[in-house]
Amino acid sequence: MTKKILIVEDEESLLNVLVDKFTAEKFVVFSAKNGFEGLDIALKEKPDIILLDIVMPKMDGLTMLRELREDESGKNIKVIILTNLSGEDSMAEAMDNGSFGYLIKSDWKIEDLVKKVEEKLK
């Protein structure tokens, strides 16, 4: 069965690279440029996993994650945080709200991210 992934990222160049990579890996890919769009798509499409940036316009990723978890259909969607924030507070809040991983953007390669997503979906 084809897996659905939602990528919520406001940095357009990174968003495009991720969309292309996961499309090539045979995922059905949805994308959003802020948490408001991301939440809307997540609740409509019910992706298997979400890659979620924290710092975004309109609605940040942690707010989106909290609101996603408040909705019955969003409680069990797997979420991996992708961010430039390395602070303990945001990491703790992400984990408290059921994030399955927290990756600092400067610390990973795209192949590592694909592996992590595939592991979480097994």
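The values are calculated or read from the model by the stated rules, or taken from the named source; none is laboratory data. None of the values given here were measured: they were computed from a predicted structure. In this analysis, Cβ positions are derived from the backbone assuming ideal geometry, glycine residues included, and neighbour counts consider all displayed protein chains.
Residue pairs whose Cβ atoms lie under 9 Å apart, separated by 6 or more positions or on different chains, with the first residue in the stretch 31-43 and under 14 Å from residue 56 (Cβ atoms) and the second of a type in the set (Lys, Arg) and in a loop (DSSP other than H, G, I, E, B), are 33/58; 34/58; 35/58; 36/58; 37/58. Within the stretch 1-35, if we keep just the residues that are among the charged types (D, E, K, R) and over 15 Å from the mean Cα position of the chain (by Cα), the residue that is nearest to residue 46 (Cα to Cα) turns out to be 26. Scan the stretch 67-84 and give yes if some residue there is at pLDDT 95 or above, among the aliphatic types (A, V, I, L, M) and over 21 Å from residue 111 (Cβ atoms), otherwise no. Taking every residue of the stretch 67-84 in turn, at least one turns out to be at pLDDT 95 or above, among the aliphatic types (A, V, I, L, M) and over 21 Å from residue 111 (Cβ atoms). Only one entry in 75, 21, 33, 58 is under 17 Å from residue 112 (Cα atoms) and out of contact with any strand residue (DSSP E or B) (no Cβ under 7 Å at 6 or more places or on another chain), namely 21.
Within the stretch 1-16, the set of residues being more than 13 Å from residue 49 (Cβ to Cβ) and either exposed (fewer than 15 other Cβ atoms within 10 Å of the Cβ) or among the small types (Gly, Ala, Ser) (or both) comprises 1, 12, 13, 16. Remark: residue 29 matches the filter, which requires a residue to be modelled with pLDDT of 95 or more, of a type in the set (A, V, I, L, M, F, W, C) and surrounded by fewer than 23 Cβ atoms within 10 Å (Cβ to Cβ).
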